[in-house]
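Remarks on the structure that follows.
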Amino acid sequence: MATQDFNEDNFLNHLNDQQEKATTHGDGPALIIAGAGTGKTRVLTSRVAWLLKNGFEQDEIMLVTFTKKAANEMIDRICMATGFPCPTLIAGTFHHVAHLFLRKHARKVGLDPGFSIIDRADSTRIMESIVLELTQYREELPSARVLVDLYSKSMNLHAQVGTILEKYHPKHAFLEKEIEDVLAKYFNRKQRSNVLDFDDLLVYFLRLLRTGRHGQETCAGIKHLLVDEYQDVNQLQADIVFEIGKHVESLVVVGDDAQSIYSFRGSDVRHVQEFKNLFDEDVTTYFLTRNYRSTPQILKLANAILERNTFGFKKELVTTKPDGPVPELIRCIDQDEEAHTICQHVLAARNEGIGYGKQAILFRAAHHALPLQKTLVTYKIPYIIRAGIRFFETAHVKDLLSFAMILQNPLNEIPWSRAFTLLPGVGERTAAKLVSYLQASKDPLGTFIHENIAILIRGKRVMQKSVRWIEEMRQMLEPFSPRNEKLEASGKPMPSPFDILKSVHEFYQPLMSMKYNDAGEREKELEAFMNLAKEHASLDGFLAEIMVTSTFAGDAVGNTGDEKQEPLVLTTVHQAKGLEWSIVHVMGLCEGMFPHSKSIDDPDELEEERRLFYVAVTRAKDKLVLTYPQSMSTFNDSSITSISRFLHEIENDGVYKTADVYFGVTNFDDLI
């Protein structure tokens, strides 16, 4: 293999000694413990560049991340470091990588290569239809959403349904056998429809890796594996890493046990802590402790928090940044005073030149911020909440996608059902009858296009309208059918995803106007969505990309008259992970809120809550403000609160100072 032609100084000279040692790790497994703000992304991207410099090809390197955004950012950095594009580098989320290999090797694990990917909402719809078909114990079962979650946890944790029920849903444990039957029906229904949910992607990928010579063949071309955020992996993902790691020349995982905060998703901090026990050969451990984000005062508080945890790697973050203010703790009378205090601090900082977009308010749970949101509107402070419905899970986007999914995999009954119920005069029962008729044929799409299925509809008042819409839907889908004789005779290629969506959009527009009061706003989002399709040549590729992508949509609340000004960020600590702001407020720091009341009696959960607090404070670059209400109102009652134990246990360490409630502004107009 030829050595890539680029200047090594582009990346190695910008690393500190800890980062360079980790970047230039040789063969064998390695664990990099990367503290908050210590440059783990730089190490991962520099290592890929270093491997390329040393003669390895792009498709011999696999880089696994937890979000598509992280993968894209790393690819961009690698391209900047090397000076050339990386089109064949295997980089993406676990689900993205699993999808790539399953498309190529589907038949080796008994899959049809034309499978579709369904999201959580579609999984719930399948489960709902299964429950509706039951004649016994239907009323006693948990909701379809909970059943899907049980299936997911069982797959990701390699655990029996009974074990999952006992831990997460004990009140339904007596229905273990009945729930197992429902989950078996769910699995069979997906097989019949040739669809995989997100969990199935990983399950089948692991099965592929463990299937004798097929597993070796799958990993044959991969020489180096790098895994980001290893502290967040669940059992299924850890097994995938291990199976690939057995065959590669080097395996490098990067993580920080102190930032393991997703046990509710199935992640387990012990995976990073016990990584060294997985392999017969020695595992090299590197520590990154030089923080480039926060001031010494903020890191002093963060280190004090970590010292109280009993489990994990011992490390102390250091920084070269100049001194800043000591973190402040503000005791407020109640949540209303806490909200006013935060607003006045935000406005004062804005007047000092620190814009709203450089500030953030963090909280343990979304509902903790409701009093603050009301007060922000009073102060006319624009804000955005990092939460809400994923863009690709919004109803209008899923409506549009359902027609495209019919063309991609006509055997999938979910998009058929959704599409039919969009049509005026077609309800759930009628849609189910139409879907059942189509699925009974070997070619649902061909049957729909070439047969008059409208005869299945009954009801004179709605029939004429329904028949018209079904006919228009048929005419819209026909040009894109694989059996389109005119298209075959012309010799032209299949239309692009954009062409398909454009036609679907024209059909869907009047339906959207009838269904939604805010059709105009939704129309703008659909136009942006369709533009994404221009980047793809095949419908398969486009839909797969959509299904494994996590994208959020949010609109700023409030109006400052300056559209260029970024809004203040309100976010849960979980969604703030990996981000940073100049000024960070952490609110609601009282017992029962932070730590959460459900974690107080469980030592493991309490340690995770402390790690969550550590993540919160290490989001701050220059200033950290901590607040808590001394009383809380619940319905018609109020109660006195206690300061969070996380602050109480470090109150004698001199890492924060108590400050008074800020009433420096009495006239809002002076600051707005």
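The values are calculated or read from the model by the stated rules, or taken from the named source; none is laboratory data. Remember, it's a predicted structure, so these values are computed and weren't measured experimentally. Glycine also receives a Cβ, built like all others from the backbone with ideal geometry; neighbour counts cover every protein chain displayed.
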- [ ] Among the numbered conditions (1) surrounded by fewer than 18 Cβ atoms within 10 Å (Cβ to Cβ); (2) in a loop (DSSP other than H, G, I, E, B), tell me where residue 336 comes up short.
- [x] (2)
- [ ] Please state which one of 225, 236, 202 is touching a His at 6+ places or on another chain (Cβ under 8 Å) and either β-branched (Val, Ile, Thr) or buried (at least 22 other Cβ atoms within 10 Å of the Cβ) (or both).
- [x] 202
Open item on the list: Which count do you get for residues in the stretch 270-291 that are at pLDDT 95 or above and over 29 Å from residue 55 (Cα atoms)?
Closed with: 3
Open item on the list: With touching a residue at least 60 places away in the same chain (Cβ under 8 Å), outside any helix (DSSP H, G or I), out of contact with any Ser or Thr (no Cβ under 8 Å at 6 or more places or on another chain) and farther than 30 Å from residue 33 by Cα as the only criterion, which of 406, 354, 384 stands out?
Closed with: 384
TODO: Exactly one condition in (1) part of a strand (DSSP E or B); (2) touching a strand residue (DSSP E or B) at 6+ places or on another chain (Cβ under 6 Å) is not met by residue 92; state its number.
DONE: (2)
Task: Test: residue in the stretch 611-618 that is surrounded by 24 or more Cβ atoms within 10 Å (Cβ to Cβ) and more than 25 Å from the chain's Cα centre (by Cα) - done: no
Open item on the list: Filter the stretch 307-336 down to the residues that are closer than 30 Å to residue 633 by Cβ and not β-branched (Val, Ile, Thr) and list them by number.
Closed with: 327, 328, 329, 331, 332, 334, 335, 336
Open item on the list: Quick test of your reading of the structure: residue 320 fulfils all but one of (1) of a type outside the set (Asp, Glu); (2) within 29 Å of the chain's Cα centre (by Cα); (3) surrounded by fewer than 18 Cβ atoms within 10 Å (Cβ to Cβ). Name the failing condition by number.
Closed with: (2)
Task: Index of the failed condition, residue 1 passing every other in (1) assigned by the TED database to the domain that holds residue 222; (2) of a type in the set (A, V, I, L, M); (3) at pLDDT below 95 - done: (1)
TODO: Filter the stretch 246-269 for residues that are loosely packed, with under 14 Cβ neighbours inside 10 Å and at pLDDT 90 or above and give the result.
DONE: none
Open item on the list: If I filter the stretch 532-550 for residues that are touching a strand residue (DSSP E or B) at 6+ places or on another chain (Cβ under 7 Å), at pLDDT below 80 and either surrounded by fewer than 17 Cβ atoms within 10 Å (Cβ to Cβ) or in a helix (DSSP H, G or I) (or both), do I get at least one hit?
Closed with: yes
Task: Criterion: more than 24 Å from the chain's Cα centre (by Cα), at pLDDT 95 or above and under 25 Å from residue 108 (Cβ atoms) - qualifying residue of 185, 223 - done: 223
